[in-house]
Amino acid sequence: MSKVFALLISAMLPAAAMAQPDVEPLKLNADNKLYCNAQADWCVGIKTNGTFEENGPFATSRTLRADQRFWDSPDIPDFKNFSVWPEVIRLSEERALVGVVGPQEPDFEATTPFSGGGFTRRDLYLYDVNLGEQASANLVFVMPYTAEASIRACFNDADQKKRAGQCSDIYSFKASLKALPGKTYPDLQVTTEATRSPAGASRYADSSARPALTKEQLAPQKDSQCSYTVTYKWQESASVYEPAKPLPDCAEFLQAAPARK
């Protein structure tokens, strides 16, 4: 019986291997100045010193002898504010999910200044890039990648003393993504972490009305609602990834000016 079981497992292994998405890190290559996998057969870069029509992100493969620009939005940002997402998810020899990280559309503002503070947000733009004979590039997924808001909270010496010298409310958000095995278009698992500092700070409340901070409140506090894990699944009808469940309201972390609740 054990021999039969072993044969069954052996027969199943190739299919399981085929179902495993090939996620590879990208690192800056000293020779071509692009972000490449270990074999340097898939590389990603962002051209910023060309003409308006030439600038933007692109993928290239020395083994396929092909390259493809992959920004297909009608809104053209300043690509100097973008960076290469340091991973590639290989779907086949000719196709991969590649991405760039930059300011959110449609305005692509690098920062939103406040009096004594500001707001920054970077989104991950993920593209399905085909470097084969049917070369193509399609935007399939956009998600908040990092965000931070800094709000001034001290306006005099009394405020500074009351807040033990911590004179800004800081709201931070970051996300990570990994591909899950099992499908031609792998499920994408996103894990987020949101924190507020000091503990109990709220963008919907007046910080000056709060009592003096305790020592325990000085450390960043994890926000349970906006620190979550969610799976995005491929939707064939729309050719995009969609969350498997509704996402929580995280405007406090993800918007420059969230509407007061």
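The values are calculated or read from the model by the stated rules, or taken from the named source; none is laboratory data. This is a predicted model, so every value here is computed, not measured. Cβ placement follows ideal geometry from the backbone for every residue including glycine, while neighbour counts extend to all protein chains displayed.
Given the structure, is GLY50 out of contact with any helix residue (DSSP H, G or I) (no Cβ under 7 Å at 6 or more places or on another chain) and in a loop (DSSP other than H, G, I, E, B)? Walk me through it before giving the result.
On the way: out of contact with any helix residue (DSSP H, G or I) (no Cβ under 7 Å at 6 or more places or on another chain): yes; in a loop (DSSP other than H, G, I, E, B): yes.
Yes; evaluated as a whole, the condition is true for this residue.
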Enumeration of residues in segment 164-193 that are part of a strand (DSSP E or B), surrounded by 17 or more Cβ atoms within 10 Å (Cβ to Cβ) and not hydrophobic (A, V, I, L, M, F, W, C) | SER168, ASP169, TYR171, SER172, LYS174, ASP187, THR192
So which residues in segment 229-261 are among the aliphatic types (A, V, I, L, M) and either in contact with a helix residue (DSSP H, G or I) (Cβ under 8 Å, 6 or more places away or on another chain) or exposed (fewer than 13 other Cβ atoms within 10 Å of the Cβ) (or both)?
-> ALA238, ALA244, ALA257, ALA259
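Being aliphatic (A, V, I, L, M), over 15 Å from the mean Cα position of the chain (by Cα) and within 30 Å of ALA158 (Cα to Cα) is true for just one of ALA194, ALA209. Which residue is that? Working first, answer last.
Values: ALA194 fails: over 15 Å from the mean Cα position of the chain (by Cα).
Sole residue among the options that is aliphatic (A, V, I, L, M), over 15 Å from the mean Cα position of the chain (by Cα) and within 30 Å of ALA158 (Cα to Cα): ALA209.
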Residue that is nearest to TYR185 (Cα to Cα), among those in segment 199-228 that are modelled with pLDDT of 95 or more and surrounded by 10 or more Cβ atoms within 10 Å (Cβ to Cβ) | TYR228
Mind listing whichever residues of segment 114-125 are touching a residue at least 60 places away in the same chain (Cβ under 8 Å) and within 14 Å of the chain's Cα centre (by Cα)?
-> ARG121
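So, ALA212, is that one outside any strand (DSSP E or B) and among the small types (Gly, Ala, Ser) or not? So that I can check it myself, show each step before the final result.
On the way: outside any strand (DSSP E or B): yes; among the small types (Gly, Ala, Ser): yes.
The answer is yes for ALA212.
Could you run through segment 58-96 and say how many residues are among the polar types (S, T, N, Q) and assigned to a strand (DSSP E or B)?
Taking segment 58-96 first, the residues among the polar types (S, T, N, Q) are 60-61, 63, 68, 73, 81, 83, 92.
Imposing the further condition that a residue be assigned to a strand (DSSP E or B) reduces the set to 60-61, 68, 83.
So the count comes out to 4.
Looking at ARG196, is it among the charged types (D, E, K, R), free of Cβ contacts under 8 Å to residues at least 60 places away in the same chain, part of a loop (DSSP other than H, G, I, E, B) and surrounded by 14 or more Cβ atoms within 10 Å (Cβ to Cβ)? I'd like the intermediate steps shown before the answer.
Details: among the charged types (D, E, K, R): yes; free of Cβ contacts under 8 Å to residues at least 60 places away in the same chain: yes; part of a loop (DSSP other than H, G, I, E, B): no; surrounded by 14 or more Cβ atoms within 10 Å (Cβ to Cβ): yes.
No.
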Picking from VAL140, VAL129, which residue would you name as being of a type outside the set (Gly, Ala, Ser) and within 20 Å of SER176 (Cβ to Cβ)?
-> VAL140
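For segment 140-174, how many residues meet the condition of being more than 24 Å from TYR228 (Cβ to Cβ), among the hydrophobic types (A, V, I, L, M, F, W, C) and in contact with a strand residue (DSSP E or B) (Cβ under 9 Å, 6 or more places away or on another chain)?
Of the residues in that region, 3 qualify.
Can you tell which of ASP41, ASP31, ASP78, ASP72 is surrounded by fewer than 18 Cβ atoms within 10 Å (Cβ to Cβ), within 24 Å of VAL240 (Cα to Cα) and modelled with pLDDT under 95? Lay out the reasoning, then the answer.
Working: ASP41 fails: within 24 Å of VAL240 (Cα to Cα); ASP31 fails: within 24 Å of VAL240 (Cα to Cα); ASP78 fails: within 24 Å of VAL240 (Cα to Cα).
Going through ASP41, ASP31, ASP78, ASP72 in turn, just one is surrounded by fewer than 18 Cβ atoms within 10 Å (Cβ to Cβ), within 24 Å of VAL240 (Cα to Cα) and modelled with pLDDT under 95: ASP72.
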